[in-house]
Amino acid sequence: MITQGLGQGMSAGAMAELFSRQYPRYRERAYLYYRNEDLCRGIPSHGFDHHERVCFNSLNLALLMAGRGVSFESHFIISLIIASLFHDTGLTNVIGKMHGEEGARISLKFMEAEGVNEKIAGQVAEAIRYHDDKRYLEHHPPSSLASVVSVADDVDSFGYTGICRHIAISLKRGLDPESDRDQILINASLRHSNLQRVYGYMGEFARQQRERYLITERFFSGNRNPDRIRRREVIEMIRGWLLSEPDNLYSLTNRLAGIISDHKASFSDYLREELAANITAKNKYV
Ligand SMILES: [Fe+2]
Ligand SMILES: [Fe+2]
C-alpha cells in the first residue's frame, strides 16, 4: 500500500489535491450512512464531528510525512478518509473500550455498499480494529494506515477537546469521571507515549501534541482544592449538557463560558479555538 523513499508516489501537494477531490463525496456518503443507520447517536463525544477532526488530523500527519520524503500511493487517501470517518462507529452498539471489531464490521458494510475494492476495505477494517488498542501491543510503521489513524484519534483526546471528551464518554459509560481519573490519566499517558514513540522524530508536531497532552494531564491530576472544584464544575456542566441530547462537541462551548481554564482565560475560549481548527479545515475541503 505504501512505498517509502524519495521520488516515488505522490507529493504532499498532490495528496492534498486528491483529498480535496475525494473528501466531499465520501463525507457526504458517510454522513448519510450515519443518519440512516443511527450511527453514534447519543454519543456526542464521538459524533460525526470527532470523526471529521480525526480525518483532518490523519491528513495532516500523512502530509507531514510526505513533506519528509515518505511516499504514499493514491488509494492511501481514500483508505484514510473512510477509516477516519468510521473508526468509532462501533460505539453505537459496543460502548466499551473494545469497539474496534464492531466498527470494522460497520465500515465493511458501508464499503460494500459503496463498491470499495476489497484490498482497500481490508486495510480500512484492520486500521479500525487496531485503533482501540490503547496499550499499543502491536507496532505498525509510522506511515501505515493503522498508525496514522490511531495517532490522529489520540490527538483529538488531548487539550481541552480531550478533557471534555474523556468526561463525556466516562459519563456515558455510567462512570464517575472524578473517581475514574486514574484510568483517564493512564489512557492519556499511553496515547502520548505512543505518539512520541512513533512520531517523535517530527519535532514540531510532537512538541505541540506534548503541550496539548499536558493540558489534559494537569486537569485530571490536579489535587489542590481549586483543581477539584473546577473539575467538578466542568463535570457537572457536561452532565447537564448530555441531557440536552447534543450531537456534537461545539454546542458545549457556550455552557463552559464561565469556567476559567489553566491559562486564566475562559475554558470555552480554548475549546472553541481547538474546534475552530476543524472548521477551518472543513471550509478548505468541503
Ligand atoms: Fe475508539
Ligand atoms: Fe476516536
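The values are calculated or read from the model by the stated rules, or taken from the named source; none is laboratory data. Note that the structure is predicted; figures quoted are calculated from it, not measured. Heads up, the Cβs are rebuilt from the backbone with ideal geometry, glycines too, and the neighbour counts pull from every protein chain shown.
Details
- Residue match in region 211-221 (condition: without any contact (Cβ under 8 Å) to a residue 24 or more places away in the chain and over 30 Å from P141 (Cβ atoms)): no
- Selection count where residues are in contact (Cβ under 8 Å) with a residue 60 or more places away in the chain, of a type outside the set (G, A, S) and touching a Lys or Arg at 6+ places or on another chain (Cβ under 9 Å), scope region 88-122: 3
- Filtered by the rule that a residue be touching a Leu at 6+ places or on another chain (Cβ under 8 Å) and surrounded by fewer than 20 Cβ atoms within 10 Å (Cβ to Cβ), region 264-274 gives a lone residue, S266.
- A single entry from A125, A146, A188 fulfils the requirement of being free of Cβ contacts under 8 Å to residues at least 40 places away in the same chain and either buried (at least 24 other Cβ atoms within 10 Å of the Cβ) or basic (K, R) (or both): A188.
- For region 149-198, residues that are within 14 Å of the chain's Cα centre (by Cα), of a type in the set (S, T, Y) and over 24 Å from G240 (Cα atoms) total 1.
- Taking the listed residues L108, L80, L85, the one that is closer than 12 Å to V124 by Cβ and out of contact with any Cys (no Cβ under 9 Å at 6 or more places or on another chain) is L108, with no other qualifying.
- Among residues of region 68-95, those that are part of a helix (DSSP H, G or I) and either among the basic types (K, R) or at pLDDT 95 or above (or both), counted: 15
- Filtered residue count, region 96-124, keeping only those that are part of a helix (DSSP H, G or I), among the small types (G, A, S) and away from ligand 2 (no atom under 16 Å from the Cβ): 3
- Filter result for the condition that a residue is within 15 Å of ligand 1 (Cβ to nearest atom), farther than 17 Å from I82 by Cα and without any contact (Cβ under 8 Å) to a residue 60 or more places away in the chain, over D182, D176, D133: D133
Residues are listed down the side, and each one gets a yes or a no for (1) more than 16 Å from ligand 2 (Cβ to nearest atom); (2) within 27 Å of N248 (Cβ to Cβ):
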residue: P141; (1), (2): yes, no
residue: D153; (1), (2): no, yes
residue: G162; (1), (2): no, yes
residue: D180; (1), (2): yes, yes
